[in-house]
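Asker: Attaching a single structure in structure tokens format; questions to follow.
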Amino acid sequence: MRVAGYPDSYYAATAQGLHEYPRLDSKARADVCVIGGGFTGLSAALSLAELGFNVVVLEAERIGFGASGRCGGLIGSGQRKDVLEMEELFGYERSRVLWDLAEAAKTEIRNRVRKHAIDCDLQEGQLVGIHTPRYLGWAAELATALNERYDYPHTRSLSHDEVRSLVATDRFIEGFWDSHALTLHPLNFTLGLARAAREAGVRIFENSRVTGYTRSDPVTVSTAEGSVEAAFVVLGCNGYLGKLESRVAGRIMPINNFMIATEPLGRERAYELIRGRFGIHDTRFVVNYFRLSDDHRLLFGGGENYRAGFPSDIRGFVRPYMLKLFPQLGDVNIDYWWGGTLAVTVNRLPHLGRLKPNLYFAQGYSGHGISTAVIAGKLVAEAINGNPERFDVMADMPIHLFPGGTLLRYPGMVLGMLYYSLKDRL
């Protein structure tokens, strides 16, 4: 079933609670104008409304049109980099604070789903499949660190046979299991956040692309047919930022990732493939990620490109990645295929901050966007409300410009990606 305004994805076909919001066609006033109707923007808007702020959300397309409605739906624990890497970068104390913020993000998601009765198929559990001998021992080291230094006893390393008993592929030589990680239907979660925000008094406008805003106090945010005057602006565009804000665009690079959904496999065949509803990804630089849907399809993500357009045949592009892991699916039809755009930073850490005089932004989630974006929106709301402590922890992480800024980031990144992709294949 094709849904107007959304890509023809499995998520759109199974969307719950679709609601058409009006286009902004007049002048409006608000305490805060949020640009972007995805995880970041809606989390910020809902949190701000609960704090008593008058909020307007401007979405260029439909709510959840971008990565928030297209991603794999996996929610891992911690930051994009594991705690072993974070300790090397920042030391234990700061790594622990960032870990606790990431745990708060998972709690925020659980609480939102429960409080607002969001029907988004929230499930628990994640397996990381280790694909190369150079990562042997990593799972055991990480599980020990989390248990002993982070009070997180929910992980363990898995042998090849243990992994094989959970996932019917011979491609993983070890595994890492996290019983408190999550998965969900990302578009339905986003639609649920929008409904909760609307019920809290947030005014949401779709098909209202922002064309620019003043650097003044208050600020005037303009669209083709209307404008919003506000004391604060929240920029939640991530991979769809484009040329809207030159002061931060050079610290992220949009990349495209792709997914397919098989035909329904039936419960028996689905559970022969994966023994449960948990999420799975591997340790490749260009990650494969997958899980079962509630109607027993395999949802599989694999492959990237680094240009403005998508491959002409997304199904044909992704299917070989799936078959390398699961050659037994050679007879299975692909019912849906789609692509989406996310944003990465040079060091794969999220980029949060303030721009004078009154603009807050959060972006660059680097494939760890559901939990990070949701907590980022909440932290932005706290900062606007005069409590910036947790926001400042995230905003203090060093995020470097891509060499050459927006002009040269693509050639440099493509060369880097080709190098790491070759390492994956070897």
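The values are calculated or read from the model by the stated rules, or taken from the named source; none is laboratory data. Source: prediction; values computed, not measured. With ideal geometry, Cβ positions are generated from the backbone for all residues, glycine too; neighbour counts draw on all protein chains shown.
Asker: Within the group Lys106, Lys81, which residue is touching a His at 6+ places or on another chain (Cβ under 8 Å), closer than 30 Å to Ile384 by Cβ and either touching a residue at least 60 places away in the same chain (Cβ under 8 Å) or part of a loop (DSSP other than H, G, I, E, B) (or both)?
Answerer: One residue alone meets the criteria, Lys106.
Asker: Search the stretch 309-320 for residues that are modelled with pLDDT of 95 or more and pair each with any residue that is assigned to a helix (DSSP H, G or I) when their beta-carbon atoms are under 7 Å apart and the residues are at least 6 apart or on different chains.
Answerer: none
Asker: Looking at the stretch 159-172 only, could you name the residues that are over 26 Å from the mean Cα position of the chain (by Cα) and outside any loop (DSSP other than H, G, I, E, B)?
Answerer: His160, Asp161, Glu162, Arg164, Ser165 - these are the residues of the stretch 159-172 that are over 26 Å from the mean Cα position of the chain (by Cα) and outside any loop (DSSP other than H, G, I, E, B).
Asker: Check off (1) within 30 Å of Pro403 (Cα to Cα); (2) touching a residue at least 12 places away in the same chain (Cβ under 8 Å); (3) out of contact with any Leu (no Cβ under 7 Å at 6 or more places or on another chain); (4) not aliphatic (A, V, I, L, M) for Arg269 and give me the number that stays unchecked.
Answerer: Unmet condition: (1).
Asker: Here's a follow-up. Show me the helices (runs of 4 or more DSSP H) found entirely inside the stretch 231-332 where at least 1 residues are of a type in the set (D, E, K, R) and closer than 30 Å to Val57 by Cα.
Answerer: Where helices (runs of 4 or more DSSP H) fall fully within the stretch 231-332 and carry at least 1 residues being of a type in the set (D, E, K, R) and closer than 30 Å to Val57 by Cα, they are 246-249.
Asker: Considering the stretch 8-22 alone, what residues qualify as being surrounded by 16 or more Cβ atoms within 10 Å (Cβ to Cβ), more than 17 Å from the chain's Cα centre (by Cα) and over 15 Å from Phe189 (Cα atoms)?
Answerer: If the condition is that a residue be surrounded by 16 or more Cβ atoms within 10 Å (Cβ to Cβ), more than 17 Å from the chain's Cα centre (by Cα) and over 15 Å from Phe189 (Cα atoms), then Tyr21 is the only one that fits.
Asker: Still on this model: Given (1) more than 18 Å from the chain's Cα centre (by Cα); (2) in a loop (DSSP other than H, G, I, E, B), identify the lone condition not met by Asn347.
Answerer: (1)
Asker: Can you name every residue in the stretch 24-33 that is part of a loop (DSSP other than H, G, I, E, B) and in contact with a strand residue (DSSP E or B) (Cβ under 6 Å, 6 or more places away or on another chain)?
Answerer: Leu24
Asker: Sticking with this one: Considering Asp121, Asp100, which residue is within 24 Å of Leu298 (Cβ to Cβ), among the acidic types (Asp, Glu) and surrounded by fewer than 24 Cβ atoms within 10 Å (Cβ to Cβ)?
Answerer: Asp121
Asker: Give the residues of the stretch 50-87 that are under 21 Å from Val380 (Cβ atoms) and surrounded by fewer than 23 Cβ atoms within 10 Å (Cβ to Cβ), sorted by residue number.
Answerer: Glu50, Leu51, Gly52, Phe53, Asn54, Ala60, Arg80
Asker: Suppose we filter Met253, Met259 for residues that are surrounded by 16 or more Cβ atoms within 10 Å (Cβ to Cβ) and touching a Gly at 6+ places or on another chain (Cβ under 7 Å); which single one remains?
Answerer: Met259
Asker: Filtering the stretch 149-194 down to residues that are crowded, with 20+ Cβ neighbours inside 10 Å and of a type in the set (D, E, K, R), which residue is nearest to Ser47 (Cα to Cα)?
Answerer: Filtering the stretch 149-194 for residues that are crowded, with 20+ Cβ neighbours inside 10 Å and of a type in the set (D, E, K, R), the one nearest to Ser47 (Cα to Cα) comes out as Asp178.
Asker: Can you tell me which of Tyr360, Tyr420 is modelled with pLDDT of 95 or more, farther than 12 Å from Met253 by Cβ and hydroxyl-bearing (Ser, Thr, Tyr)?
Answerer: Only one candidate passes the filter, namely Tyr360.
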